[in-house]
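Undergrad: Dropping a structure here in structure tokens format, bear with me for questions.
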Amino acid sequence: MMLIRRLAEPYAGQFALPGGFVLPHESLEVAAARELVEETGYRATYLEQLFTFGEPDRDPRGRVVTVAYYALVPEDQVLAAGTDASEVQWFSVSKLPPLAFDHAEILQKAHGRLKAKLDYSDVGFVLLPKEFSLSDLQEVHESILGHEVDPRNFRRKLESRGLVKETDHYRHTGRKPARLYTFAGNSTTDESSD
């Protein structure tokens, strides 16, 4: 999970999710994408509305309703703290620091959604290059799920769903060359504008 260290009160110096207020001319999705770039330097490969959080006491400044989005970003982008952040950093889901506001609850809901989507969408492919090994895809799944998966069952599941297509390319490592694959299905990540 990518978090920022807040510059401003409330919770100055604490880690939080990137975010901010919607400008008068913006849609919610445009505002979410803008805030992500402004506070982290990242452009989302995938952006999806998650949930609306509106408990009356969630922000000490007053009543704030948050329409949360979650984003997937390729790891090759450079972290760069922006306008409202002194730092931006990656954290393991299992080793999060104390978070500002109700952001721990938001992260828990986002992580649950992402884990569930692995079973019925192509969201795991968004984090990979166009050609990838099955081990690469398995690593993405294990990272999101937080545990190892059996390689044979994982490959069997991929084949039964027809999600990957073999290429004629291989990645050469010190051991046996790894066959590369591409995503073979129709994208279901277009649901991101729910």
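The values are calculated or read from the model by the stated rules, or taken from the named source; none is laboratory data. The model shown is predicted, which means the values in this text are computed figures rather than measured ones. Virtual Cβ from ideal backbone geometry, glycine too; neighbours counted across all protein chains shown.
Undergrad: Could you say whether any residue in the range 72-80 is at pLDDT below 95, touching a helix residue (DSSP H, G or I) at 6+ places or on another chain (Cβ under 9 Å), over 19 Å from Val123 (Cα atoms) and outside any helix (DSSP H, G or I)?
TA: yes
Undergrad: Taking the range 91-106, which residues are at pLDDT 90 or above and either out of contact with any helix residue (DSSP H, G or I) (no Cβ under 9 Å at 6 or more places or on another chain) or assigned to a loop (DSSP other than H, G, I, E, B) (or both)?
TA: Phe91, Lys95, Leu96, Pro97, Pro98, Ala100, Phe101, Asp102, His103, Ala104, Glu105, Ile106
Undergrad: Of the residues that sit in the range 157-188 and are outside any loop (DSSP other than H, G, I, E, B) and β-branched (Val, Ile, Thr), which one is surrounded by the most Cβ atoms within 10 Å (Cβ to Cβ)?
TA: The residue in question is Val164.
Undergrad: Among (1) part of a helix (DSSP H, G or I); (2) within 19 Å of the chain's Cα centre (by Cα), there is one condition Asp119 misses while meeting the rest; what is its number?
TA: (1)
Undergrad: Take Ala33 and tell me if it is under 20 Å from the mean Cα position of the chain (by Cα) and part of a helix (DSSP H, G or I).
TA: It is true that Ala33 is under 20 Å from the mean Cα position of the chain (by Cα) and part of a helix (DSSP H, G or I).
Undergrad: Looking at (1) surrounded by 15 or more Cβ atoms within 10 Å (Cβ to Cβ); (2) part of a strand (DSSP E or B), can you tell me which one Val140 breaks?
TA: Among (1) surrounded by 15 or more Cβ atoms within 10 Å (Cβ to Cβ); (2) part of a strand (DSSP E or B), Val140 violates only (2).
Undergrad: Does His111 fit the bill of being under 17 Å from the mean Cα position of the chain (by Cα), surrounded by 11 or more Cβ atoms within 10 Å (Cβ to Cβ) and not assigned by TED's automatic domain parsing to the domain that holds Arg34?
TA: No.
Undergrad: Please identify the pairs in which a residue from the range 58-75 that is farther than 21 Å from Ala12 by Cβ and in the same structural domain as Glu29 (by TED's automatic domain parsing) has its Cβ atom under 9 Å from the Cβ atom of a residue that is of a type in the set (Val, Ile, Thr) and surrounded by 14 or more Cβ atoms within 10 Å (Cβ to Cβ), counting only partners at least 6 apart or on another chain.
TA: Here the result reads Val67/Val22; Ala68/Ile106; Tyr70/Ile106; Leu72/Val123; Leu72/Val126; Leu72/Thr189; Val73/Thr40; Pro74/Val126, each pair linking the range 58-75 to a residue that is of a type in the set (Val, Ile, Thr) and surrounded by 14 or more Cβ atoms within 10 Å (Cβ to Cβ).
Undergrad: Could you please let me know if Phe53 is over 23 Å from Ala116 (Cα atoms) and in contact (Cβ under 8 Å) with a residue 24 or more places away in the chain?
TA: Criteria not met by Phe53.
Undergrad: On to the next question. Please state which one of Ala31, Ala12 is closer than 27 Å to Ser121 by Cβ, small (Gly, Ala, Ser) and modelled with pLDDT of 95 or more.
TA: On inspection, the qualifying residue turns out to be Ala31.
Undergrad: Okay, next question. Out of curiosity, is Ala32 surrounded by 15 or more Cβ atoms within 10 Å (Cβ to Cβ), of a type in the set (A, V, I, L, M, F, W, C), free of Cβ contacts under 8 Å to residues at least 40 places away in the same chain and not assigned by TED's automatic domain parsing to the domain that holds Lys130?
TA: yes
Undergrad: Condition (residue is within 20 Å of Val93 (Cβ to Cβ), of a type in the set (D, E, K, R) and surrounded by 14 or more Cβ atoms within 10 Å (Cβ to Cβ)) applied to the range 143-156: is it met by at least one residue?
TA: Among the residues of the range 143-156, not one is within 20 Å of Val93 (Cβ to Cβ), of a type in the set (D, E, K, R) and surrounded by 14 or more Cβ atoms within 10 Å (Cβ to Cβ), which makes the answer no.
Undergrad: Which condition breaks for Glu48 when tested against (1) surrounded by fewer than 19 Cβ atoms within 10 Å (Cβ to Cβ); (2) in a strand (DSSP E or B)?
TA: Condition not satisfied by Glu48: (1).
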